[in-house]
Amino acid sequence: MHLRATRESEIQDDYSWLEEFMETAWSDRWEAERDAGIAHAIEKDFGLVSELHSAATALVDDGSGSWKCELPVYGGRPVYHPSHGQPPFVLLTAAEVREAADFLATASFDALWATAGAEIAAPYRGWDEAEVKDIYLGYHAGLGAFYGHAASTGHAVIKAFWY
């Protein structure tokens, strides 16, 4: 999963444009954009990161919808390939980016891990659980920093799921 923050007004709601924009960002500018805080990536574990964040619904279920746990990974509006033969790009508005940043800033990683950690760690048989926990703490913190920076600049986010 490759995430790229940009001004909402610059995003074109067109699969071809998104594909070119994200491919160029990934192949030509990835390191510089990551270092500038406008790009982030989780290579293969993003589904489990989403499961970790989904544990928030078990922690707080007051009916207010205040936990936007789906936004950091899978949340947003998909833009599909014309043939539906490729994964969609997913767009988060600047408002949704702020909601994702707020969720990541307020959701306790330790509480999420206590709720979902055993399930998250299950595919890592033979690994030390503390090591797996540290990996997911890094994912959570990295997403928090990325979304926090994007929210502070009023940016929207484009997500690409490269397989």
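The values are calculated or read from the model by the stated rules, or taken from the named source; none is laboratory data. Everything numeric in this text was worked out from a predicted model, so none of it was measured. Cβ sites come from the backbone with ideal geometry, for glycine too, and all protein chains shown count toward neighbours. Quick note on the areas: whole protein, heavy atoms, side chains included, nothing else; ligands and nucleic acids left out. Shrake-Rupley method; radii C 1.70, N 1.55, O 1.52, S 1.80 Å.
Quick notes on this structure:
- Pick from the range 6-55, criterion open to solvent by 70 Å² or more (accessible area, probe 1.4 Å) and among the hydroxyl-bearing types (Ser, Thr, Tyr), ranking: modelled with the lowest pLDDT: 27
- Residue count, the range 88-103 (criterion: open to solvent by 40 Å² or more (accessible area, probe 1.4 Å) and assigned to a loop (DSSP other than H, G, I, E, B)): 1
- Sole exception among (1) free of Cβ contacts under 8 Å to residues at least 60 places away in the same chain; (2) among the aromatic types (Phe, Trp, Tyr); (3) open to solvent by 50 Å² or more (accessible area, probe 1.4 Å) for residue 80, by number: (1)
- Identity of the residue in the range 107-122, open to solvent by less than 30 Å² (accessible area, probe 1.4 Å) and within 19 Å of the chain's Cα centre (by Cα), that ends up modelled with the lowest pLDDT: 107
- Each residue in the range 83-104 was checked for being of a type in the set (Val, Ile, Thr) and over 24 Å from residue 56 (Cβ atoms), and 0 pass.
Residues checked against (1) free of Cβ contacts under 8 Å to residues at least 24 places away in the same chain; (2) charged (D, E, K, R); (3) part of a loop (DSSP other than H, G, I, E, B):
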residue	(1), (2), (3)
12	yes, no, yes
16	yes, no, no
22	no, no, no
27	yes, no, no
34	yes, yes, no
37	no, no, yes
40	no, no, no
49	no, no, no
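Every residue, every condition in (1) assigned to a helix (DSSP H, G or I); (2) open to solvent by less than 20 Å² (accessible area, probe 1.4 Å); (3) closer than 16 Å to residue 147 by Cα; (4) at pLDDT 90 or above, yes or no:
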residue	(1), (2), (3), (4)
57	yes, no, no, no
61	no, no, no, no
68	no, no, yes, no
105	yes, no, yes, yes
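- Residue within the range 135-154 that is modelled with pLDDT of 95 or more, in contact with a helix residue (DSSP H, G or I) (Cβ under 7 Å, 6 or more places away or on another chain) and part of a loop (DSSP other than H, G, I, E, B) present: yes
- Scanning the range 123-163 for residues being open to solvent by 50 Å² or more (accessible area, probe 1.4 Å), without any contact (Cβ under 8 Å) to a residue 60 or more places away in the chain and over 13 Å from the mean Cα position of the chain (by Cα) gives a total of 11.
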